[in-house]
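The values are calculated or read from the model by the stated rules, or taken from the named source; none is laboratory data. It should be emphasised that the depicted structure is a prediction, and the values quoted were computed from it without experimental measurement. Ideal geometry is used to build each Cβ from the backbone, glycine not excepted, and the neighbour counts take in all protein chains shown. Heavy atoms of the whole protein, side chains included, go into the accessibility calculation; ligands, DNA and RNA do not. Shrake-Rupley method; radii C 1.70, N 1.55, O 1.52, S 1.80 Å.
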Amino acid sequence: MKKIRLVAALMAVILTLTGCNFRTVNEFYSLPKRSEGYTNLQSVIQSVMTGWEYAAPQSGEFQQTLQSADLDGDGNNEYLLFARNNAAEKPLRIFIFSGDDNRYRLRDTIECVGSAFDRVAYAKLQQGSGLQLIVGIQVSENVTKSLSVYQMADGGMERILTTNYYRFMTCDLDENQLSEVFVIHPDVESNGKCIAEIYGSNNGTMERSQEVRLSTPAERIRRIVLGKLNDGTAAVYVASELDANSIITDACALIGGQLTNVSLSAESGTSVQTIRNYFVYADDIDGDGVLELPRLISLAAGADADSEDTQYVIQWYALNSDGTTVEKMYTYHNFVGRWYLQVDPEIAGDLTASQRGNSYEFGLWDAKSERGKKLMTLYILTGQRREEQAVEDNRFVVYKNESTIYAVKLEVASAAYGMTQESLIDSFRMIVDDWNSGMM
């Protein structure tokens with residue numbers, strides 16, 4: 001009883017010192033009140049939405065119905081609301097609201113013709129302004145989409161660019177701290193293939209670059225990413241489906257001020273970056289800041305005879321601005337298991353790999369003697385005894401997670417090729433989610 005009184009007394013002192021007053025249970029559990037600015041913005045939105053419905057962009061990074069960006073460059077964000085009314089002459093609208101001291105007003109309205117907002121982006125394309133708004137509109141099915149760029153001028157939104165597109169992204173290829181709009185659209189004069197061009201600011205006006213031809217029709221594009229060439233030049237990498245079993249990659253960069261497809265082969269008319277049988281995309285495999293491209297090399301004789309699919313070592317290489325290549329790394333990828341091993345270039349051409357249940361045996365094939373020699377075995381252990389099994393028979397762990405242990409046993413022949421416990425731990429990696437993804 002004394003303890004209870006003591007605790008009560010201490011609580012009273014604490015509440016007194018902190019300036020707190022006793023509250024009812026309902027007061028303690030009541031929801032926080034919305035700010036005056038939020039309530040005002042909600043009221044202004046409701047006043048303009050009569051007859052309209054919310055219509056968020058269908059793709060891209062910004063897919064919220066209500067978005068915010070500093071369009072006038074004053075340090076305060078404007079709010080953009082995307083709406084649709086199919087009965088209107090111009091069915092799509094973007095309502096833009098500005099606020100001051102928690103009081104918001106409708107600043108401008110952008111009216112668009114089309115069936116849906118495809119995607120939007122925000123980028124600083126010009127000096128001395130806020131962010132520009134890039135809007136992609138789906139006009140109708142099976143029709144090239146319409147792209148418009150708007151900037152805030154004299155208190156309202158001014159359209160400074162209109163063009164058609166199939167895909168677009170913003171990037172800074174000339175690295176002048178201002179973005180450009182990279183646009184891909186079909187080219188009716190090139191046998192169904194597509195072209196790329198960039199739009200950038202020049203003394204306050206948007207100018208179009210010289211267009212470059214890509215390797216495939218636009219509808220075959222699977223992924224577009226921004227990366228670096230081997231010499232540090234910024235480039236846009238466009239990966240497209242060439243046929244059912246291969247992809248092809250174009251790398252576009254500003255070379256001498258001109259947009260150039262540095263990977264295009266004049267002899268074949270298509271990009272030289274073609275791989276077969278796997279959809280493997282460019283990535284910075286060695287973490288040096290340069291985007292590497294993959295080339296598949298068939299494993300030597302002695303590969304898993306039970307497998308219906310040919311197995312490969314992947315040769316990763318980087319492009320220079322002149323289109324020449326620089327070899328970077330070799331890997332053996334297991335996409336089903338989602339892991340890979342870095343392979344010594346000296347043995348990559350003679351490597352063999354065979355699956356035996358929950359293990360993979362790696363060796364070297366001697367073409368002269370038509371015999372192989374075993375280098376190592378990788379064990380994939382998932383059972384209750386996996387901790388014990390991982391260190392049995394001279395095995396060692398190269399990677400582990402909550403459910404699986406990956407362990408290796410080295411054979412005698414491995415020593416001649418510098419394979420050690422440390423080098424195997426360093427060369428084993430798990431495949432991250434977007435490695436085999438074709439999403440933009």
Taking 0.36 nm per residue of separation and subtracting the Cα-Cα distance, what length does fully extending Gln177 through Thr325 add? 50.5 nm
Once you have the Cα-Cα distance between Asn164 and Lys90, take 0.36 nm times their residue separation minus that, and quote the gain in nm to one decimal. 24.8 nm
Just order 326-333, 73-80 by mean Cβ neighbour count inside 10 Å, highest at the front, would you? 326-333, 73-80
Rounded to the nearest 20 debye, what is the charge dipole size of the stretch 139-218 about its Cα centre when +1 sits on each Lys and Arg Cβ and -1 on each Asp and Glu Cβ? 300
Counting Lys and Arg as +1 and Asp and Glu as -1, what is the net charge of the other residues whose Cβ lies under 15 Å from the Cβ of Leu71? -4
If you roll a 1.4 Å probe over the stretch 316-440 with all protein chains in place, what percent of the accessible area is carbon or sulfur? 46
In the structure shown, of Lys145/Lys328; Lys228/Lys374; Lys90/Lys228; Lys228/Lys373; Lys373/Lys400; Lys145/Lys228, the pairs separated by more than 31 angstrom at the C-alpha atoms are Lys145/Lys328; Lys228/Lys374; Lys90/Lys228; Lys228/Lys373
Sparsely packed GluC sites (Glu not before Pro) within the stretch 343-440, loop by DSSP, other Cβ within 10 Å at most 16: Glu346, Glu370, Glu402, Glu411
Only residues of the stretch 166-205 count here: report those whose backbone N is under 20 Å from the spot 7 Å along Cα→Cβ of Gln58, or say none. 166-170, 183-186
With all protein chains present, how much of the accessible area of the stretch 132-179 (probe radius 1.4 Å) comes from carbon and sulfur, to the nearest whole percent? 36
Residues of the stretch 222-247 with amide N under 20 Å of the 7 Å Cα→Cβ point at Asp288: 226-237
Segment Ala244-Ala416, length gained on full extension (0.36 nm per residue, minus Cα span): 57.8 nm
In nm, spacing of pseudo-spin labels at Phe335 and Gln127 (7 Å Cα→C-beta vector): 4.7
Which trypsin sites (Lys or Arg not before Pro) in the stretch 336-405 sit in a loop by DSSP (not H, G, I, E or B) and have at most 11 other Cβ atoms within 10 Å of their own Cβ? Lys368, Arg385
Using label points projected 7 Å from each Cα along Cα→Cβ, tell me how many nm separate Arg105 and Thr50, to one decimal. 2.0
